[in-house]
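Notes to accompany the following structure.
The values are calculated or read from the model by the stated rules, or taken from the named source; none is laboratory data. In this text the structure is predicted, and so the values were computed from the model without any measurement. Note that each Cβ is placed from the backbone with ideal geometry, even for glycine, and that neighbours are counted across all protein chains shown. These area figures cover heavy atoms from the full protein model, side chains too; ligands, DNA and RNA do not enter into them. Shrake-Rupley method; radii C 1.70, N 1.55, O 1.52, S 1.80 Å.
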Amino acid sequence: MADDRKLADIIQKGQEGQVVLLGFPCDAGVEINGGRVGARHGPEKFRSCMRRYGTVDNPEVNIDLSGIRIADAGDIPADLPLEASHTALTEKTASIIQNGGIPFVVGGGNDQSYSNACALLDAKPDIPVGVINIDAHLDVRPLIDGQAHSGSPFRLLLEDPRFSGSQFIEFAAQGSQVSREHARYVKEKKAQIIWFSEVARIDAAAGAFRGALGRLAWECDSLFVSFDLDSIRASEAPGVSCPGIMGLRAKEAFEMAFAAGAHPKVHLFDLSEYNPIIEEELTGRLAVGIFYHFCLGVASRRKVAS
Ligand code: MN
């Protein structure tokens, strides 16, 4: 409807845009990690939810998304072997960044995040890169039979010689879902863990997240925000491989997505573990809401600049 345009109405096909949606329809990494499969359907269900949600000209926050160009670059081919799909993802994400766009990558399993981090490291080889992982888990498990999986992306990143652990923050991790050995490993790499209990007070998470972005931005010129939906409580995000009884709230997730979009140094965002086989509707709307608020944030960058 002309007087009530939704996000999907202004998205253009291709990879020419300030924000570029990219799908990673792969859950082989979830299966290797022993999780419940289904996230390979995430991008497809995400796009179908997007048709019904997200006003273009938002009168509450007074931001009009038609001021930015949002593109949809489609999906990484679904039928590739895991390693080949990771390589294809890195190449595609890097090409979007080199083209000046901010990729918003919808998974798929959380293993996508190392491939995406590599894309940013490849695209910006000469500047320090910072990464925040919003996740109930640390995702620093060792490889399984030499294979990357949904629990290993940040071990791969912390072992990458191009990256420094002091530029990595684990945000909203939960001690009941994290081993002492993995927490010790993260700290040994000089990375920071901000536990869920530290941000669980009412309305504390978004402020703590903005603080974490600011801390990384002090020493880094390019930031990657990686968001695992299982960091959000299961009552609001039931459709993930590993639902958590406690966790962030949807409202906080939206505020954090907006803050990430609004930050001028955020050059990459990924969203992992939407599993529509477990639950499609609520979690799909949540995932699209995160994308929508990220886009509102990006649109607000222009406002600040002008
Ligand atoms: Mn994860």
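Values computed for the structure shown
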| quantity | calculated |
| --- | --- |
| q = 0.11, 0.12, 0.17, 0.20 Å⁻¹, the range 109-221: log10 I(q)/I(0) [Debye, one scatterer per Cα] | -0.34, -0.40, -0.82, -1.12 |
| Within the range 49-82: backbone nitrogen closer than 17 Å to the Ala88 label point (7 Å, Cα to C-beta) | 73-82 |
| Listed residues Tyr114, Tyr185, Tyr292, most fluctuating in the chain (Gaussian network, C-alpha, under 10 Å) | Tyr185 |
| Candidates per trypsin sites (Lys or Arg not before Pro) in the range 155-264, loop by DSSP, up to 15 other Cβ within 10 Å | Arg162, Lys190, Arg201 |
| Linear extension gain, Leu80 paired with Asp9, 0.36 nm per residue minus alpha-carbon span | 22.5 nm |
| 222 nm mean residue ellipticity, helices alone, for the chain (DSSP H n ≥ 4; -39,500 (n - 2.57); rounded to 500) | -11500 deg cm²/dmol |
| Where GluC sites (Glu not before Pro) fall in DSSP loop in the range 27-78, at most 12 other Cβ within 10 Å | Glu60 |
| Under 16 Å from Lys124, Cα to Cα: lysines that are on another chain or at least 8 residues apart | Lys92, Lys265 |
| Estimated distance in nm for a label pair at Ser235 and Lys187, the labels positioned 7 Å out from Cα along Cα-to-Cβ | 3.2 |
| Local net charge near Asp122, Cβ-Cβ under 10 Å (Lys/Arg +1, Asp/Glu -1) | +1 |
| Selected from Gly289, Gly207, Gly101 as most flexible by GNM, with the chain as the system and alpha-carbon contacts under 10 Å | Gly207 |
| The range 194-228 residues near the modelled Lys251 label - backbone nitrogen below 12 Å, point 7 Å along Cα→Cβ | 202-206 |
| Euclidean distance of C-alpha centroids, the range 123-156 and the range 200-251, integer Å | 16 |
| Among Ile127, Ile194, Ile63, residue whose mean-square fluctuation peaks in a GNM of the chain (springs only between Cα atoms under 10 Å) | Ile127 |
| Summed side-chain charge close to Ala200 - residues other than Ala200 whose Cβ falls under 12 Å, Lys, Arg +1, Asp, Glu -1 | 0 |
| Förster radius 22 Å - calculated FRET efficiency between Ser176 and Arg201 (Cβ-Cβ, nearest 0.05) | 0.75 |
| Gyration tensor over alpha-carbon atoms, the range 185-305, equivalent ellipsoid semi-axes in Å | 23, 19, 13 |
| Net charge contributed by nearby residues that have their C-beta within less than 11 Å of His263 (K/R +1, D/E -1) | +3 |
| Relative intensity, log₁₀ I(q)/I(0), of the range 7-305 from a Debye sum that treats every alpha carbon as a point, q = 0.08, 0.12, 0.14 Å⁻¹ | -0.28, -0.67, -0.96 |
| Per residue, in Å², the accessible surface of the range 86-193 once ligands and nucleic acids are set aside, probe 1.4 Å | 36 |
